[in-house]
Amino acid sequence: MFRFKFQAGVALCLVLSSAAIAQPTNAGREFIEAVRIGNGGAMLKLISENPKGIVNTRGWDGQTPLVLAIAAHNRDFTGFLLNNEADPNLAGAKGEMPIVAAGRNGFDDAIGWLLGLGAKVDATNRAGETALIVAVQGHHVDAVTVLLAAGADPDRADAVAGYSARDYAKRDSRARDLLKLIEAKKPKPAK
């Protein structure tokens, strides 16, 4: 009798867990692909059928819909995802934070939206790069301006080269305008 109850219980758990995993996994993959190829109709259909959490799905490669939309500089998809509760602090593939992705391609509107929804201004990717560092490297003046106004730390160093946004601006003769913006923000006193 005990053995039958145990086996029946295990079987029921397996059925329930496989049903719970199969649909979101398939729908999540479809949702990520819709974002990747820019199919807004498919996104709308999938989110209406799966309203809980699909916007925060991770692909097999670790990518998230929000980081994909930001990397594509897609204002409509980025806004749509954020308006549908995409997590502004959920890292995508290789630890890329949404705010770092926005800094990387100079998507200053997305930076403002993310910060307004609680994104951490000095969040880093796996290389320790902040949005400010990658914005300086990409010479994105507007993004640097928004990030500095939001309190981004220009002296926080990355984990690869050990350079900060201030250091990168000093090392790049093409970044003199960025260096002026950064220099206007005084370094934090040493503790």
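Read-outs: derived from the displayed coordinates by stated rules, not from any lab. Predicted model only: the values in this text are computed from it and were never measured. Positions of Cβ are generated from backbone atoms using ideal geometry, with glycine treated the same way; all protein chains shown enter the neighbour counts.
Data for the structure
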| quantity | calculated |
| --- | --- |
| Rounded, prolate or oblate (a/c below 1.5 giving rounded, otherwise prolate when a/b exceeds b/c) for region 132-173 by Cα gyration tensor | oblate |
| At 1.567 mPa s and 4 °C, Stokes D of region 59-142 from Kirkwood alpha-carbon radius, µm² per second | 106 µm²/s |
| Relative packing of 132-140, 173-181, which averages over residues the other C-beta atoms within 10 Å, highest first | 132-140, 173-181 |
| Protection-proxy order for peptides 96-107, 71-82, each taking the mean of Cβ atoms within 10 Å per residue, highest first | 96-107, 71-82 |
| Farthest toward positive dipole pole in region 69-188 [+1 Lys/Arg, -1 Asp/Glu at C-beta], among Leu117, Ala127, Thr78 | Ala127 |
| Residue-span extension gain [Arg36 to Ser173] - 0.36 nm each, minus C-alpha spacing | 45.7 nm |
| For region 96-157: rounded, prolate or oblate by the Cα gyration tensor [a/c cutoff 1.5] | rounded |
| Whole-Hz ³J(HN,Hα) from phi, Karplus 6.51 cos²θ - 1.76 cosθ + 1.60, for region 135-142, glycine and proline x | 5, 5, 4, x, 6, 9, 4, 5 |
